[in-house]
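Laboratory data are not the source of any read-out in this text; all were calculated from the coordinates shown. All of these numbers come straight from a predicted model, not from anything done at the bench. Backbone-built Cβ (ideal geometry, glycine too); neighbour counts: all protein chains shown.
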Amino acid sequence: MDGFSKKLKESLNEGHGEIVLTSRRGFFSREDRDLKKLENFGIDKFAFMVRTQSFLTSNQKGKAVFVVGIDQSFSAISENLKEPKADEVIIGFELAKNLDLKIGDPVSLTFAAGRSGENYLPSIGSFKVSQIYNFNIHQFDERYVYANLSAIQQKIQVGEYVNLVKLKLESDKQNVEAIDEMVRKLRSIFFLEFEVQPYWGDFATFLRAVDYEKYLISLVLYIVIVIAAFNCLAFIVYSKEKKAQEIFLLYAIGLSPRKFRNLWYIQNSFIWFLSFIVSLIFVQFFSYAIANWEIFKLPSDVYILGRIEVNLTIKYILITAISSYALLFFLTFLILKRLDGKSLGQGLREEFS
């Protein structure tokens with residue numbers, strides 16, 4: 001049930017670090033003393049960046065984009081994206097597709113900065129595409145452009161200042177709980193200087209909506225389980241009514257009611273176990289189909305991700321298995337209890353009269 005959230009967070013974390021610090025004061029110096037406090041939390045891997053808006057044009061087409069300026073420090077949090085040269089940019093797969101761009105093609109970036117005399121004029125830079133990268137997130141693929149930090153600072157005239165810091169945590173602290181705990185600690189320290197967000201912060205509202213929908217889907221699936229259990233109940237009732245004569249004949253020749261009940265419990269447990277194994281096989285089948293078959297591909301501009309996967313945790317599997325077995329066991333007990341209410345003589349008279 002957590003497949004969508006898990007896949008989304010994995011894609012968001014690819015090359016973006018675990019925690020994002022955005023300056024509340026706009027641009028700031030790398031030598032800001034407040035950032036020395038990060039050492040107290042054992043954080044020694046971080047990247048200084050500039051993120052700004054621009055308009056990219058090429059082949060008589062254009063697109064509003066976010067331009068992210070990175071330098072060598074970005075290699076500390078990502079091994080996938082390298083620092084572009086001063087005249088190069090890295091763009092997403094969807095952006096390249098929409099603007100018919102290939103590696104080596106020229107592009108122009110227009111920034112709302114620059115000054116000439118008394119009039120503010122846009123600053124325009126010419127670049128070439130050095131890499132087309134698949135970010136796995138539609139918004140990133142379509143909107144984000146990575147460029148050389150110094151080149152972007154020069155174009156928007158901010159000197160050596162930056163406006164964003166991304167942090168890389170140690171490998172044992174890269175789980176959701178540890179990141180949330182670190183975010184709370186950093187917010188208590190940097191509440192005046194920086195806005196502190198986990199790497200999924202921009203999609204936090206969307207992820208909460210997905211969680212609510214997940215619970216609703218879970219309720220629907222539990223209803224399906226209940227219906228399946230009542231189908232088993234109908235089968236038990238049918239078998240009991242259909243085979244009542246054989247049952248009381250078995251009682252008459254010496255089969256004890258206790259052994260008969262045990263046989264029913266064993267039979268229904270076997271049916272449950274077989275159904276459980278088949279359901280796990282179907283889960284794996286549908287997980288593979290959703291991840292690979294073209295017919296199950298999602299429109300990424302609507303669902304953010306083009307592909308999702310089925311991710312059932314052990315907790316949910318155990319809850320479903322135990323609750324379904326308990327319900328089946330309880331229903332079997334009720335039916336057999338009704339059968340035990342008849343004596344041998346009464347049962348023979350009713351069934352053979």
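If I model a spin label at F235 and S150 as a point 7 Å from the Cα along the Cα→Cβ vector, what separation in nanometres do I get?
A separation of 7.3 nm, rounded to one decimal place.
Along the Cα→Cβ direction, 7 angstrom out, place labels at K61 and S171. What is the inter-label distance in nm?
In this crude spin-label approximation the distance works out to 4.1 nm.
What pairs from K63/K128; K37/K168; K45/K185; K82/K128; K97/K214; K102/K166 go past 24 Å between their alpha carbons?
K97/K214; K102/K166
³J(HN,Hα) across region 18-25 via Karplus (A = 6.51, B = -1.76, C = 1.60, θ = phi - 60°), whole Hz, x for Gly/Pro?
9, 9, 10, 10, 10, 5, 7, 9
Tell me the label-point distance for the pair R261, F286, using the 7 Å Cα-to-Cβ offset, in nm and rounded to one decimal.
Computed distance between label sites R261 and F286 equals 3.7 nm.
Set the Förster distance to 30 Å, then compute FRET efficiency between Q72 and R208 from the Cβ-Cβ distance, nearest 0.05. List each step's numbers first, then the result.
Numbers: r = 36 Å, r/R0 = 1.22.
It comes to 0.25.
Show me, for region 47-59, the HN-Hα J-couplings you get by feeding each phi into the Karplus relation (A = 6.51, B = -1.76, C = 1.60, θ = phi - 60°), rounded to Hz, glycine and proline as x.
With coefficients 6.51, -1.76 and 1.60, one gets 10, 8, 9, 10, 10, 8, 9, 7, 10, 9, 10, 5, 6 Hz.
Apply the Karplus curve 6.51 cos²θ - 1.76 cosθ + 1.60, θ = phi - 60°, to the phi angles in region 147-156 and return the couplings in whole Hz, x for Gly and Pro.
Here the 3J(HN,Hα) series is 9, 5, 4, 4, 5, 6, 4, 5, 5, 9 Hz.
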